[in-house]
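Taking it in order: structure first as structure tokens, then the write-up.
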Amino acid sequence: MDTQKTILAVALSVIVLLLFQAWMERESPHSSTGTVATAQSPRSPAAAAPIAVTPPTSAAVAQAPAGLSMEGPSIPFQTRVFTGRIALQGGGIQTLGLRDYPVSVDNPAPYPLLDTQAQRLTVQQSGFVASDGEVLEPQYNAPQQQGPLGREPITLNGRAGPLKVEKTLIFQPDSYVVEERIQVTNTGTTPWSGSYFDQILRNGREESHWFMSIFTGAVLQHDGSFSKESFSDLRSHPVVRQGPGWAGMMDHYFLTAVLPPKDSQSQVYARPVGENYAAGVTLALPTLAPGQSTTIQQEFFFGPKLQQTLAGLGRGLEQTVDYGWFAVIAEPMHSLLNWFHVLTGNWGLAIVLLVVVVKALFFYPSAISYRSMANMRKLQPKLEQIRKDCGDDRQKMGPAMMELYRSEKVNPMAGCLPIFIQMPVFISLYWVLVESVSLRQAPFFLWIHDLAAPDPYYILPLLMGVSMFIQQRLNPAPSDPMQKRIMSALPVVFAVFFSFFPAGLVLYWLVNNLISIGQQYFITRRILAST
């Protein structure tokens with residue numbers, strides 16, 4: 001088996017595998033089960049609507065109105081990790097910025113996880129739905145505190161129809177979890193029954209990272225089963241599921257989620273709302289006699305998809321970090337990468353050390369591969385003579401080459417298997433670097449200010465192309481002219497291909513190539529010197 005064909009096949013296989021996974025992520029059929037809700041049109045382009053709900057205690061479908069307001073008076077709040085505003089009409093969080101995550105390297109403003117602007121629309125909304133279908137949007141009064149709030153619990157008092165509502169939001173200084181407590185009292189003269197909903201409303205913007213499949217859409221967990229619902233799927237398959245769970249929206253690096261109590265009588269849903277999309281939770285409330293009260297408690301998560309932080313919440317939120325098919329390999333790799341970052345304080349150096357560890361683990365299989373390549377290079381003159389003697393007679397050429405391999409004790413297949421064994425590791429590391437929010441805007445050195453963004457000057461892709469060219473020079477040259485031209489073009493093709501990839505990924509491939517060159521050069525030189 002020609003070694004050059006092996007290298008070409010493996011390189012193309014990796015690309016095809018990544019593209020196929022990206023296609024499967026986007027095109028896989030919707031497999032959700034549950035009640036399908038009917039979407040309604042909003043009253044205005046800026047309007048937001050809660051889901052059409054069916055309280056678990058009622059068989060009647062309660063239809064929500066066309067829209068909830070996103071304008072009007074609001075109050076500010078601020079913690080060490082948050083800055084934002086709470087709407088007095090509805091009591092939802094209108095805007096929320098993540099202070100530890102700037103918008104970009106050049107823009108230090110907090111990343112707007114929640115925003116009312118049309119192009120970035122993402123807001124948290126809440127309200128009540130009576131058993132007869134009437135939707136009650138609470139109207140709260142401004143609290144007595146002055147200045148930025150959030151360092152202490154924020155308590156809002158208001159009304160929603162016959163209901164007196166006291167809403168308290170509890171912020172922890174360094175936590176991305178917000179606790180919500182609501183006391184509801186029926187001040188009317190007749191019993192009231194219905195439900196309470198919290199939802200995340202988002203526009204349909206999606207993130208594009210060229211060949212990288214980055215999911216953007218709704219995420220749901222129901223009875224322990226996790227699912228992702230793309231915006232295109234929700235257009236044809238809105239989802240409503242009875243039973244405990246949570247719901248939210250996620251993009252490449254960040255997650256917004258509504259987390260009711262684990263054992264609550266709830267309903268999770270995701271559906272289109274006009275041109276936008278909503279994902280949320282409905283909690284069934286007991287029937288309230290006049291003067292009777294009940295209390296609602298649940299939580300929100302607004303923050304980055306840090307796997308350790310999400311896993312610590314014990315709700316399965318860490319499933320939103322998708323490492324692809326080889327998660328069992330990728331997860332320990334991510335832990336090792338984090339450990340190296342703690343050790344070095346630099347994510348670029350952490351990537352370099354991770355490559356060193358991976359190469360050390362596969363030193364022996366790689367040595368077998370490089371030894372096979374060196375032996376094939378040593379046999380190249382004899383193989384050329386066989387090709388010359390046999391001409392176009394393939395039936396004569398094949399047995400003659402196999403006899404040469406047997407007499408020289410060279411296994412041409414030895415260069416193939418080790419490379420394929422390492423493919424799952426390479427692909428796993430690829431997804432670790434793509435999914436890790438820690439690499440977002442993480443500098444390396446000199447001109448690399450963001451390992452999650454492409455190299456602005458294309459220096460790393462160029463160096464990677466040069467390293468591929470050097471590797472090719474250490475391998476036996478292909479005899480077929482067409483194949484030789486293809487192999488010669490590969491370093492240029494890959495340099496262009498990787499110029500669109502995050503600098504962290506290119507750094508990984510470059511360091512991997514440099515170590516491989518050293519190992520291959522040493523083995524080739526030793527074998528050729530023995531002849």
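The values are calculated or read from the model by the stated rules, or taken from the named source; none is laboratory data. Remember, it's a predicted structure, so these values are computed and weren't measured experimentally. A quick note on method: Cβ atoms are made from the backbone with ideal geometry, for glycine too, and the neighbour counts reach across all protein chains shown. Note: areas computed on protein heavy atoms with side chains; ligands, DNA, RNA excluded. Shrake-Rupley method; radii C 1.70, N 1.55, O 1.52, S 1.80 Å.
Identification of strands (runs of 3 or more DSSP E) wholly contained in segment 246-289 with 3 or more residues that are of a type outside the set (A, V, I, L, M, F, W, C) and in contact with a strand residue (DSSP E or B) (Cβ under 6 Å, 6 or more places away or on another chain) yields 266-273, 276-288.
Looking only at segment 82-89, decide whether some residue is open to solvent by 50 Å² or more (accessible area, probe 1.4 Å), assigned to a strand (DSSP E or B), without any contact (Cβ under 8 Å) to a residue 60 or more places away in the chain and among the hydrophobic types (A, V, I, L, M, F, W, C). Within segment 82-89, none of the residues are open to solvent by 50 Å² or more (accessible area, probe 1.4 Å), assigned to a strand (DSSP E or B), without any contact (Cβ under 8 Å) to a residue 60 or more places away in the chain and among the hydrophobic types (A, V, I, L, M, F, W, C).
For T256, state whether it is hydroxyl-bearing (S, T, Y), under 24 Å from the mean Cα position of the chain (by Cα) and at pLDDT 90 or above. For T256, the condition - hydroxyl-bearing (S, T, Y), under 24 Å from the mean Cα position of the chain (by Cα) and at pLDDT 90 or above - is met.
Once segment 475-516 is narrowed to residues that are of a type in the set (A, V, I, L, M, F, W, C), open to solvent by 20 Å² or more (accessible area, probe 1.4 Å) and more than 30 Å from R440 (Cα to Cα), the residue that is modelled with the highest pLDDT is A489. Of the candidates A118, A109, the single residue that is at pLDDT 90 or above, over 24 Å from Q297 (Cβ atoms) and out of contact with any His (no Cβ under 6 Å at 6 or more places or on another chain) is A109. When segment 149-199 is limited to residues that are within 22 Å of G291 (Cα to Cα) and basic (K, R), the one that is surrounded by the most Cβ atoms within 10 Å (Cβ to Cβ) turns out to be K167. Taken over segment 252-271, residues that are more than 22 Å from R181 (Cβ to Cβ) and open to solvent by 10 Å² or more (accessible area, probe 1.4 Å) amount to 1. Scanning segment 313-327 for residues that are out of contact with any helix residue (DSSP H, G or I) (no Cβ under 6 Å at 6 or more places or on another chain) and more than 16 Å from F302 (Cβ to Cβ) yields G314, G316, Q319, D322, W325, A327.
Annotation: of all residues in segment 99-145 being in a strand (DSSP E or B) and charged (D, E, K, R), the one that is nearest to N157 (Cα to Cα) is D115.
Whether any residue in segment 315-335 is in contact with a strand residue (DSSP E or B) (Cβ under 7 Å, 6 or more places away or on another chain), closer than 30 Å to V165 by Cβ and crowded, with 17+ Cβ neighbours inside 10 Å is what I want to check. Yes, there is a match, as at least one residue in segment 315-335 is in contact with a strand residue (DSSP E or B) (Cβ under 7 Å, 6 or more places away or on another chain), closer than 30 Å to V165 by Cβ and crowded, with 17+ Cβ neighbours inside 10 Å. Considering the conditions (1) assigned to a loop (DSSP other than H, G, I, E, B); (2) open to solvent by 50 Å² or more (accessible area, probe 1.4 Å), Q308 is excluded by exactly one of them, (1). The residue that is nearest to the chain's Cα centre (by Cα), counting only those in segment 232-250 that are closer than 30 Å to A452 by Cβ and buried (at least 19 other Cβ atoms within 10 Å of the Cβ), is M250. The residue of segment 439-464 that is nearest to G345 (Cα to Cα), among those that are touching a Leu at 6+ places or on another chain (Cβ under 7 Å) and among the small types (G, A, S), is A442.
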